[in-house]
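First up is the structure itself, then whatever we jot down about it.
None of the figures in this text is laboratory data; all of them are computed from the coordinates on show. Just so we're clear, the structure is a prediction, and the values are computed from it rather than from any experiment. Here Cβ is always computed from backbone atoms with ideal geometry, including for glycine, and neighbour counts include all displayed protein chains.
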Amino acid sequence: MYAARLLLFPLLLIVALAFSVDLSGLLFQQSQLVRISQSVAVVFMLYSLINHFVRNKLVRRLIVWILIPASILHIFDLLESVVAYLDTIALEVGNVKISAYGVLRMLIFGSLLFWLGRVSRTAGQRIIRKQEELDVGTREVFAKLFEVVLVIVIFILLLQVLGINLTTLAVFGGALGVGLGFGLQSIASNFISGIILLLDRSFTVGDYIELEDGRAGVIRELNMRSATLETFDGKDIMVPNERFMTGTFVNWTHKNKKQRYSLELQVAYSTDLDMLFPLLRQVVAEHPQVLSGDSVPIEERPDAEIKQFGESGIDILIEFWMEGVDDGSNRVGADLLLMIWYALKEHHVEIPFPQREVTILGKTQ
C-alpha cells in the first residue's frame, strides 16, 4: 500500500494532462504539445512502476528496452516509420519471408512466451504432483506430458509470431525426419524411452536404483532426456533414459521398501553358541529401524545362524529386515556392528585372529 503511493503523483499528472488536452483544444485549438507531455508522463509512470513493483529481470528488461523505447517512438510519430523500415530488411527462402521486424518481434514475444511457459510449466507440474489420489508414477507421466504439450504450443505460437505458415512445416518435418535418422536419433530415443519408462512404471521418483556398473542412487528427477540419481555421498548421476531400456538395473524399492540385509562375524570355536544366538537376535532387535516383534512375520525377524566353519573360528551370519536402504540416513549396519561389539565384550565372546600351524619336516638334531 505504501509503495502504491509512489504512483499517485504520475497518475494524477496523467489525469491532469488529459484534462489539459481537452482544455487546450477548446481554448487554443492546439493540443499537440500537451499530448506529448502526457505521453512523457506515461513513460515516467512506467519507470516508477518498474522500479517499485517489477522484480522479474526478464520483464524489467522487456519494459526498459522494448516497451519504453516503443512508447517514445510513438510519442514522436516515428514508430510506424521504424516498423516499415525494419520490414523492408527481409530474406526470402521459397515461400518463407523472414524480415528484421519479424525476427525482432519473435525475439520479444519469444522471450515473453518462454518466460510464461517456464512459469506455467512449474506451476502446472506442481499442481499435478499434488494430486494425492494419483500414484507417483502417474503424476510424473502427466507432468511430463504437460511439459511436452506446452513446448509444442509455444513452438507453434512462435511460428505464428514470425509469420511462418504452418503448411511450410512439411519441408521442416522432412528435414527433421532426416535429422532424427542421423544426429538427433539419440535425443529422440532418450525422449521416447523416458515416456515408456514412465508409462510402464519400471521406476519412479524416490526409488533406489542400482546400475550394471555398481553405481546406485535414489531417483530425484525424471527429465525428458535423462534421469538424475542422487547418491548417498552427495553426487548426482545423470543416466540417459535409453540406458534403462537397453541395459539391466536393480530397483530395490519398486514394490516393497522392506529389504533384507546380513552381517557376518567370526567367533572362537570355544564359544557357547546356545548363549550367542539369542544374544545376537536380541541385540539386533533393539535397533529402532530393524523390523522385530510378534507382529512381524517370523521369516522377517532378526536371525543368527552358522554360515560355515572357518580356519580360525566359526563364521556367524546375522540377517535382519528394515524399511528402506541400509545407507545414507538409514545407516543401520554400522550401528548394529557397534552394538554387537559391545555385547560380545560384555559376555567375553572371543573374536579369533588368524592362526596357522607350522610343521617342520626333517631330522631333529
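Jot down the per residue volume, in cubic angstrom and as a whole number, of the convex hull over the alpha-carbon atoms of region 241-294.
143
Of the options PRO302, TYR269, GLY247, report the single residue whose Cα projects farthest towards the positive end of the charge dipole of region 221-304 (beta-carbon charges: Lys, Arg +1; Asp, Glu -1).
With unit charges placed on the Cβ atoms, the residue in question is GLY247.
Using alpha carbon centroids, what distance separates region 183-204 and region 309-341, in Å?
38
Multiply the residue gap between ILE360 and MET339 by 0.36 nm, knock off their C-alpha separation, and tell me the result in nm, one decimal place.
Between ILE360 and MET339, full extension yields an extra 3.3 nm.
How far is it, in nm, from the label point at TYR85 to the one at ALA100 when both lie 7 Å from their Cα along the line to the Cβ?
Using points 7 Å along Cα→Cβ, the separation is 0.8 nm.
For a 25 Å ceiling on Cα separation, which of these pairs sit above it: LYS235/LYS257; LYS144/LYS258; LYS258/LYS307?
Over 25 Å apart, Cα to Cα: LYS144/LYS258.
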